[in-house]
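The structure under discussion appears below in the form of structure tokens.
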Amino acid sequence: MGIPRTLSLHESALSPSEYSLYVSLFNDLVDPPDTTVGAREAKAYLRGRFPTVDMTSIDKILRVFHPALSSVDQLLEGQFYAAMRLLSHVKEGKDVDPLLVFVQRE
């Protein structure tokens, strides 16, 4: 059974602390006005930025959006924010669960 809605977050759905962090991280990855980032580029960046998070967990998070993680896969800005929210839950010891995208950490 699939998730009944798109896994993407508009910046208005982020808490103030999420907004500050996630937008900053996304802007580190792209040159405005770009609104996408390569999934593999995001993977490498997140592995370097969050070395305490298991690489398998980062892969699982990104595969929620692109199961193959191919060289042509792109994350939209809202998907990146959703991935970051999942990552924040994983950092708190939770399993990768796509439904957690819709649960603010705070």
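The values are calculated or read from the model by the stated rules, or taken from the named source; none is laboratory data. Here the structure is a predicted model, which is why all the values come from computation and not from measurement. Every residue, glycine as well, gets a Cβ built from its backbone with ideal geometry; the counts of neighbours run over all protein chains shown. Remember, those area values only see protein heavy atoms, side chains included, never the ligands or the DNA or RNA. Shrake-Rupley method; radii C 1.70, N 1.55, O 1.52, S 1.80 Å.
Ordering 40-48, 82-90 by mean Cβ neighbour count within 10 Å, with the highest value first, yields 82-90, 40-48.
Using just its DSSP H runs of length 4 or more, each adding -39500 (n - 2.57), the chain gives a mean residue ellipticity at 222 nm of -15000 deg cm²/dmol after division by all residues. Distance between the pseudo-spin-label points of Asn27 and Arg40 (7 Å out from Cα toward the beta carbon): 2.8 nm. Out of the total accessible area of the chain (probe 1.4 Å, heavy atoms of protein only), what percent is carbon and sulfur? It is 52 percent, rounded to a whole number. In the full protein context, the chain carries 56 Å² of accessible surface per residue, based on a 1.4 Å probe and ignoring ligands, DNA and RNA. What FRET efficiency comes out for Arg49 versus Gln104 if R0 is 35 angstrom and r is the Cβ-Cβ distance? Round to the nearest 0.05. That gives a FRET efficiency of 0.95. Note: relative contact order over segment 41-104, using C-alpha pairs below 8 Å and six or more positions apart, is 28 percent. Here the convex hull built on the C-alpha positions of segment 42-93 has a volume of 71 cubic angstrom per residue. Computed from point charges on the beta carbon alone (+1 for Lys and Arg, -1 for Asp and Glu), the dipole magnitude for the chain about its Cα centre is near 280 Debye. About the centre of its Cα atoms, segment 1-59 shows a dipole size close to 180 debye [charges on the beta carbon of Lys, Arg (+1) and Asp, Glu (-1) only; nearest 20 debye].
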